[in-house]
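The structure appears right after this line, and notes come after that.
Every number here is computed from the coordinates shown, using simple stated rules; none is lab data. Just so it is clear, the structure is predicted and the values come from calculations on it, not from any experiment. Cβ coordinates were reconstructed from backbone atoms using ideal geometry, including for glycine residues, and neighbour counts include every protein chain displayed.
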Amino acid sequence: MQINKKVFFTVLFILVLVLAFPAFAEGENEVDFGWISILPPLVAIVLAFVTEQVLLSLFLGIFLGAMMLNGWNPVSGFLRAIDHYIVGSLADPDSASVIIFLLAIGGMIGLVNKMGGTLAVAERLGKKVNSPKSAQFFTWLLGIFVFFDDYANSLIVGPTMSPLTDKNNISKEKLSYIIDSTAAPITGLAIVSTWVGYMVGVITDTYRNMGMEVNGYSIFLQTIPYMYYCIFSLFMVLMITLTQRDFGPMYEAEKRARLTGKLVADGSNPMSGDEIARMEIKEDVKLRASNAVIPIVTLIVVVFIGIWYTGYAEVGAGADFKEAFSNGDSFKALLWGSLTASLVAMVMGIAQKIFTVGEAFDTWMEGAKSMVIACTILVLAWSIGSVTSDVGTAEFLVGAVSGAIPVVLLPIIVFIIAGLISIATGTAWGTMAIVTPLALPLAESYIEMGADPVMLIITLSTVLSGAILGDHVSPISDTTIMSSMASGADHLDHVRTQMPYGMVVAAVSILCYFIAGLTRMNPVIVLIIGAAIIYAIVRFKGKSVLVEDLKKIEA
């Protein structure tokens, strides 16, 4: 009932707005809304904080904006929100390609899981696990391998590596942290993943609303060196694993597990999920790592060739590889790659008699269903981006804020805002949808006043990186919950032990964004500086969790 009351009062607030601004008569198409133009994204953000329901938040933001553009008429606003903005967001062929890409990736994941592909990879790695360090390292490595989807990452890595980490007395808190740290962070960095289509779509749509036609995939690739939170999260896990040192609540959890064998704390409520990754695999199926490797490699190869081919066809025979790749159609390439990989997985499963033709399509559809929420968020993201553009939110913010914030602090502020919104809502995608259309025009205004053009890429990376920060550490994030479930950890214990590590990485990321914004230093050098700081923190703040060292302390 608490959420229902909050939703009620928020809707009531929107209705008050309708009565409070009668000056905007129905039928007036050209209106300068001024500060009122911030209401659609503001309502979406505030409602997301209050209700933790990003779909509802985005829709009400769209509804409010459509209502403003239709003379504050709620009936017209509701209808236009649906038939103009939501339906209109799917009218573009590129948008339709992204939706099909997401569904096809989900279908491919379902096929690979049923063939036991990733389970086979995990079992091969498991033969080399003979210590706590190797157990954690191969868990991290498998997390890197399952880069194509954060859900698949959480639900595959946990159940497949849990027996190996349990055998080596790794706490459930540590396992869930490793899983969570190689879910959204690696998927956000991967050049081909379920997130790529979404991020490329948001980027392309935002640039288009700014009057700029760009290759969204090429822009995304440029942000990767500046995705500090994602990169440093992966590096933090690696350093903690290799040094066998922990700090804060995680140290206490590891100390308990190593000395007493208690993988969970007394009185905790573990979330069990060991059956998730295995429930669809038939007992008589021979596990082959190639069942995962071949479809994924097919996906990557077809996408890269597809981007080059479409760019080559666009530019002409005289184009070199870089020019052709930069002008390629990533939407078509992602679509070709995902469907080709799905077809390859189907053929492999049928040839091995793992499933019939009918079962193959049923499995593909079950996997595709897992992406319905993602597709829904994406459609609403495109829609609120269009509404924000039509009511002039970006123009107002540019005029109000431009010059008020030193350009060197812009990436830091955007990173913090994106992180806070994502933590409060538990979704990186919704955060990207809300913040990207506001941050990029603001950064562009600084460039027009003489700032370095690279600030646009840095600012975009802070939106993506900050959104993933919240997705990583938020207690209401789906991947955080899935990580607890997949590892069999108590959810609150997972959040409590992971939070200090996430905040350390966030602080180092902020420092690196400051360095990048102030000096325009080569991004590789900035990454080395950040990595050195993280290593120093782990080395000097962390305490050894080796059994022999713990016994000495206890003695």
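Hey, with R₀ at 25 Å, roughly what FRET efficiency would Lys262 and Lys127 work out to, going by the Cβ-Cβ distance, to 0.05? Result of the calculation: an efficiency of 0.40. First obtain the Kirkwood hydrodynamic radius of segment 404-503 from its Cα pairs, then insert it into the Stokes-Einstein equation at 20 °C and 1.002 mPa s, and state the resulting D in µm² per second as a whole number. The Stokes-Einstein estimate is 151 µm²/s. For the pair Ala507 and Lys552 in one chain, pulling the backbone fully straight at 0.36 nm per residue adds 12.9 nm over the alpha carbon distance.
Counting charges near Leu142 (Lys, Arg +1; Asp, Glu -1) among other residues having Cβ under 11 Å from its Cβ returns a value of 0.
Beyond 22 Å between alpha-carbons counts as too far, so tell me which of Lys128/Lys167; Lys128/Lys552; Lys114/Lys262; Lys114/Lys167; Lys133/Lys541; Lys133/Lys552 fall in that bin. Long pairs (Cα-Cα over 22 Å): Lys128/Lys552; Lys114/Lys262; Lys114/Lys167.
A protection proxy built from the mean count of other Cβ atoms within 10 Å ranks the segments 308-314, 430-436, 408-414, most packed first, as 430-436, 408-414, 308-314. For q values of 0.14, 0.15, 0.19 Å⁻¹, compute log₁₀ I(q)/I(0) with the Debye formula on a Cα-only model of segment 70-180, without solvent. Log10 of I(q)/I(0), two decimals: -0.65, -0.70, -0.91. Arranged from fewest to most other beta-carbon atoms within 10 Å of their beta carbon, Ser487, Ser477 become Ser477, Ser487. Summing charges over all other residues whose Cβ lies under 13 Å from the Cβ of Ser89, with Lys and Arg as +1 and Asp and Glu as -1, gives -3.
Work through the residues other than Thr206 whose Cβ is under 13 Å from its Cβ and net out their charges, Lys, Arg +1 and Asp, Glu -1. Here the charged neighbours net out to -2. Highest average first, the peptides 542-552, 156-166, 94-104 ordered by how many other beta carbon atoms sit within 10 Å of their residues are 156-166, 94-104, 542-552.
Computed extension gain for Glu359 through Ser76, at 0.36 nm per residue and net of the alpha carbon distance, reaches 97.3 nm.
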